[in-house]
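Chemist: Take a look at the following structure, please.
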Amino acid sequence: MKAQAHVSTALDSSFFSKYKKLIVAALLIIFLFVLGEIIVSDFLSVGQILLTIKLSSFIALFGLCQMIVIAAGGSGLDLSVGYTATVTAVLTAKLMDGKNENIWIAILVALALGFIIGVLNGFFVSYIKLPPLVVTLAMSQMIQGAINVYTAGKNITGKPSPILQLIAAKTTGFVPNIIFLLILLTIIVMLILNKTRIGILLYGVGANPTAAHLSGVDIKRVRFLSYVVSGILASFIGLLLLGNMGIAFKDMGSNYVMPSIAAAVVGGVSLAGGDGNYLGVVLGAIFLQTLTNLLVALGWGDAGKWTGFGIVLFLLLIVYVSNRRKR
Amino acid sequence: MNILEAKNIKKNFGGVAALSGASLTCREGRITGLLGANGSGKSTLSKIIAGVYAPDDGEITYLGKKIHYKNPHEAKQQGIGMVYQNLSLVPELTVWQNIVLGDERNAGYFLDDKNARERTTDIVHKLLPTLDIEKKVFELTPSEMQVVEIAKAVSRKPKLLILDEPTAALEKVQVTSLFNMMKELASSGVAIIFTSHRLWEVVEICHDLTIFRNGRNVGSMDFDKDEKDVKKIIFYITGSQSETSIAKTCAETCGETRLSIKNLSLGTILRNISFDLKKGEILGVGGLAGQGQQELMLALAGNFPKIGCDARIDGKPIKLTKPSKAIRNGIVLVPGDRETEGLFSKHSVFSNLIFSKIGVDKKIFIIPHRKLKKECEQIVDILALKAASLDAPVSTLSGGNQQKVVIGKWLGLEIKVLLLSDPAKGIDIGAKADLYSYIVNQVRSTGMSVVLYASDTKELIEYCDRLLIMYEGSIVATLGTEEITEENIIRASMHVEKE
């Protein structure tokens, strides 16, 4: 009897320690909603919650890019995701011209753009060994430059295919369609990272590159591919962003870069690499959006939003780092 | 006079008792040996005394006063110095800058570098006269770094000096100078706590012994009165008096050549190395520390893309330019530093055990969890690996069990040649015996071949069928089964006979 009790408590504690960061993120969201309901009326309602999740979905999507490159280790980070999305949206808007039959060209262009940007990022980071922060920052500037040249002196014309608008902007009943997409994506990502060789390699390379190398894994290739995947994902997010907004404009994606990194941190992704749970990142994104809503409702506006993000990041990093020190 | 008296110290780490009533007395001018298997609590007690951890219970009296240090800095200021197992040097600073770090003195407004260099030279040269104190620490060999670490602690003129496994990284000559310095310090009144896995060292240098098992005192000896009885000490440490000596039977079982290496070269680190490894043979690699042994092991595991080498396995030519190439040909490495080279400490035992298998097998896409769980349970059984569960993070295991995980991660693959780079470093006597008996059994029953590098010569003598002696990156001697004796090894290692 005694032994059994001991085993079950051991299980419980390992369950909690495994999902501790998820639970923390979920509790924070609940706390914010309750706080919002107390301060501002009508904050806690089904409609408001669904709207919050919808608004947070793009942060969560970009957060996936960040999680993949961060998990691969080597101080991974991808600042170029927002710009990749913008350039894709700007270029494909005209190609699609509001017609469904043109979606395939748009997809091919998105794939090619994301691939090229990802390959360049990955090549410089992994094979030339330049710091990811600098490489992806430089890439961002170059893409922004290209966008500026392309859009100089003329309006960006074109509209997304209706099917993109259906996915990104419309609702089924009262549930925004993009939430279904996010749920589907979360399930697929969790399956790939937990049940396939890809996940094992990604987390292994991030946790201890030397050990992974000596175990016969090509760590440069894994890191290179993490940027390629990030680039392609970012490019497809650009299509969705276009679908959501209905038009393309110059800085439609860049505002998501910092929140996407913040979402990864709030979601418990260790910046040292080697771990990361996408459900956590999604919760992190929802938390940040809820915080934004609350600050907006309080009339603090944009300044309040960014200050709030900063404070939250500081506090969570303090908690996570002190946790690690205790061990 | 008692310098330090620790009584009935208790310490728990998250429900696990590391110390459950341990006591230790250190007297002026005496060297006290602290012995025990890994996880017996000797490191924990040392760290409590040095102010790294606070005890849960018990009292410590130092120089007649009860102490409760909040951090190592306070302890250091009161004259308690500790040399840690994991080095704490700054790689970018020079030897002398490291030694005076945190203890700089001024001449006028500026630092007195001249005085600092003098202070450093005095101490360093007692330990290692050839060491250039202007060198940066990252340029040093591991044994030289260890010397600097010791010099740093000694330079603060401690009244109590704690040396936690200081000799693990040292060469024999350096161990002798360290012992001389310890004797000198002791005769000037310093009390010293000394721990080492090499029993003969402890017996040689210590005045008295305290032995721990499972966080408790199980025995003590005072060599003024007691005889230096090694068997009795081992009995205290392990709790059982067993002699595990495995007879060498290679002569009969060794078959045809398994691995043939010709003209292996790597810059100036490895020069023109050639040897044959037979089926079912344990080939030792010995010599002084840092003569290219560890690099040879890494080279055989495919770690150096620029290697020049003509290698054949079972007669088939192979390239050793990538780890994956070596692994696919059945050559696997258990690296020297398990934490930085062998393990994913944060990840579970299960993830660690399956990583290599998944890593090299490109055909796997979806992980067959159930099948692998079963395989891992078998591996855990075979190696007598003690872990709370397969899902427990590797960082929660003891050193010996962590090392078993590093070996275990290869057992899912077909091993032809097992490269062992100092596999018993920092693990206790019981786990060491387990490990070697498993390896020897495998070799004798399956015809697996082993290349073994060990920093402890005793391990080489006991387990090797043949022994290569390395000196400055070349093989300078090969000893056959009958010739492997301590005397022969030392003579060959010093490379006295020049050709």
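Chemist: Skipping prolines and chain starts, which residues have an amide H placed within reach, meaning under 5 Å, of the one on B:Arg213, given they are 5 or more residues away or on another chain?
Modeler: Residues meeting the criterion, in which the H sits 1.01 Å from N, are B:Val218.
Chemist: As a test, work out the antiparallel percent of DSSP beta bridges whose residues both lie in the protein assembly as shown, rounded to the nearest 5.
Modeler: If we restrict to bridges inside the protein assembly as shown, about 60 percent are antiparallel.
Chemist: So for segment A:160-278, Kirkwood radius off the Cα pairs, Stokes-Einstein at 10 °C and 1.306 mPa s: how many µm² s⁻¹?
Modeler: So the translational diffusion coefficient is about 97 µm²/s.
Chemist: Using Stokes-Einstein with the Kirkwood hydrodynamic radius over Cα pairs, what translational diffusion coefficient do you get for segment B:2-238 at 37 °C and a viscosity of 0.692 mPa s, in µm²/s rounded to a whole number?
Modeler: 179
Chemist: Give me, ordered by chain and number, the residues 5 or more places off B:Phe194 or on other chains with an amide H under 5 Å from its own placed amide H.
Modeler: Amide H neighbours of B:Phe194: B:Thr32, B:Gly33, B:Leu34, B:Leu163.
Chemist: Using the Cα centre of the protein assembly as shown as origin and beta-carbon charges of +1 (Lys, Arg) and -1 (Asp, Glu), tell me which of B:Ile307, B:Leu296, B:Val349 is placed farthest towards the positive end of the dipole.
Modeler: Value computed over the given set: B:Val349.
Chemist: In what order do A:Arg223, B:Arg271 fall by count of nearby beta-carbon atoms within 10 Å, going from fewest to most?
Modeler: In order of increasing Cβ crowding within 10 Å: B:Arg271, A:Arg223.
Chemist: Sorting B:Lys316, B:Lys47, B:Lys386 on the 10 Å Cβ count, fewest up front, what's the list?
Modeler: Least crowded to most crowded, the residues run B:Lys316, B:Lys386, B:Lys47.
Chemist: Over all pairs of distinct alpha carbons, what does the Kirkwood formula give as the hydrodynamic radius of segment A:42-322, in Å?
Modeler: In segment A:42-322 this quantity evaluates to 19.2 Å.
Chemist: So for B:Phe138, A:Phe309, fewest C-beta neighbours within 10 Å to most, what's the order?
Modeler: Least crowded to most crowded, the residues run B:Phe138, A:Phe309.
Chemist: Just how far, in whole angstrom, is segment B:427-448 from segment A:263-319 if you go by their alpha carbon centroids?
Modeler: 51
Chemist: Then there's this: As an exercise, take the mean of 1/r over every pair of distinct alpha carbons in segment B:369-499, invert it, and state the Kirkwood radius in angstroms.
Modeler: It works out to 16.6 Å.
Chemist: For segment B:1-131, taking Cα atoms only, what is the radius of gyration to one decimal and the Dmax to the nearest whole Å?
Modeler: Cα only, segment B:1-131: 17.8, 53 Å (Rg, Dmax).
Chemist: Okay, next question. For chain B, just say rounded, prolate or oblate: build the C-alpha gyration tensor, square-root its eigenvalues into a ≥ b ≥ c, call rounded for a/c under 1.5, and beyond that prolate if a/b exceeds b/c, oblate if not.
Modeler: Prolate shape, in that a/c is at least 1.5 and a/b is the bigger ratio.
Chemist: Here's something else I'd like to know. Expressed as a whole number of Å, what is the distance separating the alpha-carbon centroids of segment A:94-157 and segment B:37-74?
Modeler: Between the Cα centre of segment B:37-74 and that of segment A:94-157, the gap is 59 Å.
Chemist: Enumerate the calculated ³J(HN,Hα) couplings along segment A:160-169 in order (Karplus 6.51 cos²θ - 1.76 cosθ + 1.60, θ = phi - 60°), each rounded to whole Hz, writing x wherever the residue is Gly or Pro.
Modeler: x, 4, x, 5, 5, 5, 4, 5, 8, 10
Chemist: Another one. Work out from phi, with θ = phi - 60° and the Karplus expression 6.51 cos²θ - 1.76 cosθ + 1.60, the ³J(HN,Hα) of each residue of segment B:101-113, listed in order in whole Hz, and give x for Gly and Pro.
Modeler: 4, x, 9, 6, 10, 9, 10, x, 7, 9, 5, 8, 5
Chemist: I would also like to ask the following. Quick one: what Rg and Dmax do you get for segment B:124-213 from the alpha carbons, in Å?
Modeler: Considering segment B:124-213 through its Cα atoms, Rg and Dmax are 13.2, 43 Å.
Chemist: Across the protein assembly as shown, what fraction of all alpha-carbon pairs, as a whole percent, falls in each successive 20 Å bin from zero upward?
Modeler: Per 20 Å bin, starting at zero, the Cα-Cα P(r) for the protein assembly as shown comes out as 13, 39, 34, 13, 1 percent.
Chemist: Separate question: Would segment A:224-327 count as rounded, prolate or oblate if I go by the C-alpha gyration tensor, calling it rounded below 1.5 in a/c and otherwise prolate when a/b exceeds b/c, oblate otherwise?
Modeler: Oblate, because a/c is 1.5 or more while a/b does not exceed b/c.
Chemist: Whole-Hz Karplus ³J(HN,Hα) for segment B:42-49, in order, using 6.51 cos²θ - 1.76 cosθ + 1.60 and θ = phi - 60°, x for Gly and Pro?
Modeler: The phi angles translate into 6, 5, 4, 5, 4, 5, 5, 4 Hz.
Chemist: Could you work out the local net charge near B:Thr61, counting Lys and Arg as +1, Asp and Glu as -1, over the other residues with Cβ closer than 12 Å to its Cβ?
Modeler: +1
Chemist: Describe numerically, in nm with one decimal, the distance between label points set 7 Å from Cα along Cα→Cβ at B:Lys7 and at B:Asp57.
Modeler: It is 1.5 nm.
Chemist: Collect residues whose amide H, placed 1.01 Å from N in the peptide plane, falls under 5 Å from the amide H of B:Leu419; neighbours closer than 5 in sequence don't count.
Modeler: For B:Leu419, whose amide H was placed from the backbone, the distant partners under 5 Å are B:Val332, B:Leu333, B:Val334, B:Val451.
Read-outs: derived from the displayed coordinates by stated rules, not from any lab. Worth saying up front: this structure is predicted, and the values here are computed from it rather than measured. Here Cβ is always computed from backbone atoms with ideal geometry, including for glycine, and neighbour counts include all displayed protein chains.
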